[in-house]
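**Q** This is the structure, below, for whatever I ask next.
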Amino acid sequence: MVIASAFSPLTPQLHIPDGFLSTAVTLVFWLITIAFVSIAARRLQHDFDERLAPLMGILAAFIFAAQMINFPVAGGTSGHLLGGALATIILGPWAAILVMTAVIGAQAILFQDGGLLVMGANIFNMGILTALIGFGLYRSAAGRSRRTKLLVAGAAAWLSVMAGALSTSLQLWLSGTSTLNIVMPAMLGVHALIGVGEALITAGALAFIMQTRPDLLSDAEVTQRGGRAWIVVGAVITLAVILLAPLASANPDGLERVAEDYGFINAGLDSPYQILPDYTIPLLGETSLSTIIAGAIGAVVVAGLVILLAQFLRKSASSDQQLATD
Amino acid sequence: MQTSAFDRYQAGDSAIHRLDPRVKVIITVLFVLSNVLIPDGAWLGFVLALTMILIITNWAGLAWDFVLKRSLIVLPFALAAVTVIFAVPGVALASIHIGPWTLTPTDAGLIRFISILVRSLLSVQMAILLTATTPFPDLIHALRHLRLPQPLVATLSFMYRYLAVLSDETTRLLRARRARSAQQPGMHSGGPLLWRARVAGNMVGQLFLRSLERGDRVYKAMLARGYTGHLYTLNPHVMQRHDWLMAALALAVLAAIQILSRL
């Protein structure tokens with residue numbers, strides 16, 4: 001039995017094991033995750049009632065099984081699916097959060113793929129971020145042509161993997177497990193490739209569903225799953241990813257500068273810059289630790305804002321639904 | 001059907017197997033937490049934690065290296081922590097020249113790296129013990145008793161029931177793809193990369209529609225049999241005296257580990 005193998009180089013490497021995150025980081029991300037999952041559970045229970053568990057259960061099993069479907073890339077490696085973006089596009093953000101939580105939970109409990117105590121962070125990275133960014137972007141394509149929708153879905157899938165990789169690196173760094181200047185370019189570099197596989201499979205699956213069961217992905221269905229405010233959520237997280245990624249791995253890294261200031265580090269740590277010399281943006285030549293910390297705090301604040309937005313969405317979703325049925 | 005492939009349960013009748021699943025879940029989580037709290041380089045604490053793992057393994061009637069071998073799955077992730085060897089301030093141990101670069105591992109960095117790795121290995125070992133001695137349905141039942149959101153627990157239990165079915169479905173899809181992809185030795189089968197990705201995408205789409213329809217049929221069959229949204233179990237899982245005793249013993253050991261690793 002081949003489970004989406006943890007050792008394949010093109011499989012998303014985002015399942016953090018226990019021991020790699022500090023207690024504080026673990027706790028903060030549990031709190032964020034619990035907030036999202038309980039909102040999702042409450043809303044879905046209301047919408048689906050006794051149909052909820054059988055439906056979500058089989059969809060979670062679907063995502064789990066879909067992660068086994070690969071396509072050969074080159075040299076024995078193959079592309080795999082994480083599934084967060086696909087789930088959020090075909091099910092809506094709240095259902096996707098619940099489904100991905102079940103998938104990540106089962107992977108941790110059954111296969112020790114991802115830790116137990118750090119599960120909150122893993123759910124946030126692979127289930128919540130992907131659901132928010134994926135649905136937000138796809139929602140913006142409602143009413144557009146099939147081609148545009150597929151392109152946006154592909155971009156959303158790629159960004160969802162990048163967002164997960166970014167937040168995983170930040171968590172590892174905040175926990176003092178990795179130095180940002182190495183883990184960030186490495187994680188983002190690898191996942192920029194993995195994300196292409198995610199984008200291709202996601203768009204391919206959607207194209208198939210649009211052809212076979214267009215009713216499942218009609219504009220009316222999609223607008224009913226979430227209001228326009230989701231576009232804002234998607235845009236904000238996209239912006240955070242696009243701005244934070246280069247900023248946090250920019251040269252010379254703030255972390256390293258602090259290290260140099262204290263005089264306990266020599267030339268050792270700048271090697272990654274020479275391996276990845278292009279990983280800088282000229283406009284932001286001067287970065288400092290404060291910008292990076294601000295960025296990391298920003299990510300958490302964004303997540304907090306999203307929770308507030310969720311309240312607002314509850315209202316706008318119902319009004320949008322009205323529009324869709326008119 | 002590959003029902004057994006998804007369950008890591010090792011059938012047995014030891015004191016550990018019989019222990020209430022709630023106690024096992026809580027002790028596992030506290031054990032992982034205890035590992036995170038053991039300071040860097042407190043080797044005594046780590047050795048005691050490993051001893052606890054080995055005693056439980058023995059008690060459960062598993063081979064002594066059962067969890068040790070399986071815990072190696074965390075090693076690839078250790079790559080993410082390698083940089084601390086060179087980043088944590090401390091006494092330089094060596095100076096490694098690779099081309100134009102110099103890497104300087106420090107003693108504190110090395111201690112931190114090994115501590116992270118050991119914590120992670122120990123934690124995953126306890127998690128393996130939990131799944132090896134507790135059937136998954138019992139685990140889910142424990143989560144329900146521990147007040148996890150009901151929709152999540154119910155989703156997990158349905159997911160578990162469907163896993164084998166859908167993975168069989170997936171295996172059939174993969175086998176069908178292999179069967180229609182004739183391949184000469186040493187040559188690629190199929191078209192260009194984009195084409196291959198689209199085939200995989202179609203398979204995922206196909207799997208989704210089949211899952212959705214199967215879910216619908218199962219739901220209707222459940223309704224016909226009187227399903228109202230509640231799941232019942234024949235196992236009451238009442239805490240016995242020995243469950244409380246074991247929980248207390250484990251807590252005392254974990255407290256001792258914390259104290260001894262700070263001496």
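Computed from the coordinates by the stated procedures, all read-outs in this text should not be read as laboratory data. Model, not experiment: these values are computed from the prediction. Here Cβ is always computed from backbone atoms with ideal geometry, including for glycine, and neighbour counts include all displayed protein chains.
**Q** Would you pull out the residues with amide H under 5 Å of A:Phe71's amide H, same chain only if 5 or more places away, H placed 1.01 Å from N?
**A** Those lying under 5 Å, H to H, from A:Phe71 are A:Gly79.
**Q** Through the Karplus equation 6.51 cos²θ - 1.76 cosθ + 1.60, θ set to phi - 60°, convert the phi angles of the stretch B:37-52 into ³J(HN,Hα) values in whole Hz; use x for Gly and Pro.
**A** 7, 5, x, 4, x, 7, 4, 4, x, 5, 5, 5, 5, 5, 4, 4
**Q** Project the alpha carbons of chain B onto their principal axes and report the range along each, largest first, in whole Å.
**A** Principal extents (Cα only, largest first): 65, 63, 33 Å.
**Q** To the nearest 20 Debye, how big is the dipole of the stretch B:78-184 about its Cα centre, given +1 on the beta carbon of each Lys and Arg and -1 on that of each Asp and Glu?
**A** Details: 10 positive and 4 negative charges, 104 e Å.
Here the size comes out at about 500 debye.
**Q** Mind pulling up the Rg/Rh value for the stretch A:97-233? Radius of gyration and Kirkwood radius, both on Cα.
**A** On the way: Rg = 16.3 Å, Rh = 16.1 Å.
Using Cα coordinates only, the ratio equals 1.01.
**Q** To continue, here is another question. Principal axes first, then extents: for the Cα atoms of the stretch B:142-256, list largest minus smallest coordinate on each axis, whole Å, largest first.
**A** So the three principal-axis extents are 65, 48, 20 Å.
**Q** For the stretch B:57-145, what is the Kirkwood hydrodynamic radius in Å, using each pair of distinct C-alpha atoms?
**A** 15.7 Å
**Q** I'd like the FRET efficiency for A:Ile242 and A:Thr23, computed as 1/(1 + (r/R0)^6) with the beta carbon distance as r and R0 of 35 Å, rounded to 0.05.
**A** Details: r = 31 Å, r/R0 = 0.88.
So the FRET efficiency works out to roughly 0.70.
**Q** Place a +1 charge on the Cβ of each Lys and Arg in chain B and a -1 charge on the Cβ of each Asp and Glu, then give the dipole magnitude about the Cα centre in debye, rounded to the nearest 20. Write out the running numbers ahead of the final one.
**A** On the way: 25 positive and 12 negative charges, 207 e Å.
It works out to roughly 1000 debye.
**Q** Ordered by residue, what ³J(HN,Hα) values in Hz, to whole numbers, does the stretch B:147-163 give under the Karplus form 6.51 cos²θ - 1.76 cosθ + 1.60, where θ = phi - 60° and Gly and Pro are x?
**A** Here the 3J(HN,Hα) series is 6, 5, x, 4, x, 5, 5, 5, 4, 4, 6, 5, 4, 4, 5, 8, 3 Hz.
**Q** At R0 = 22 Å, how high is the FRET efficiency between A:Asp47 and A:Thr212 if r is their beta carbon distance? Nearest 0.05 is fine. If you can, show how the numbers build up before the last one.
**A** Numbers: r = 25 Å, r/R0 = 1.11.
Result of the calculation: an efficiency of 0.35.
**Q** A follow-up question, please. From the C-alpha coordinates alone, can you work out the Kirkwood hydrodynamic radius of the stretch B:101-178, in Å?
**A** Values: mean 1/r = 0.0599 Å⁻¹.
This gives a value of 16.7 Å.
**Q** Calculate one ³J(HN,Hα) per residue across the stretch B:118-125 by plugging θ = phi - 60° into the Karplus curve 6.51 cos²θ - 1.76 cosθ + 1.60, and present them in order as whole Hz with x for glycine and proline.
**A** So the Karplus estimates, Gly and Pro as x, are 5, 4, 5, 5, 4, 5, 5, 5 Hz.
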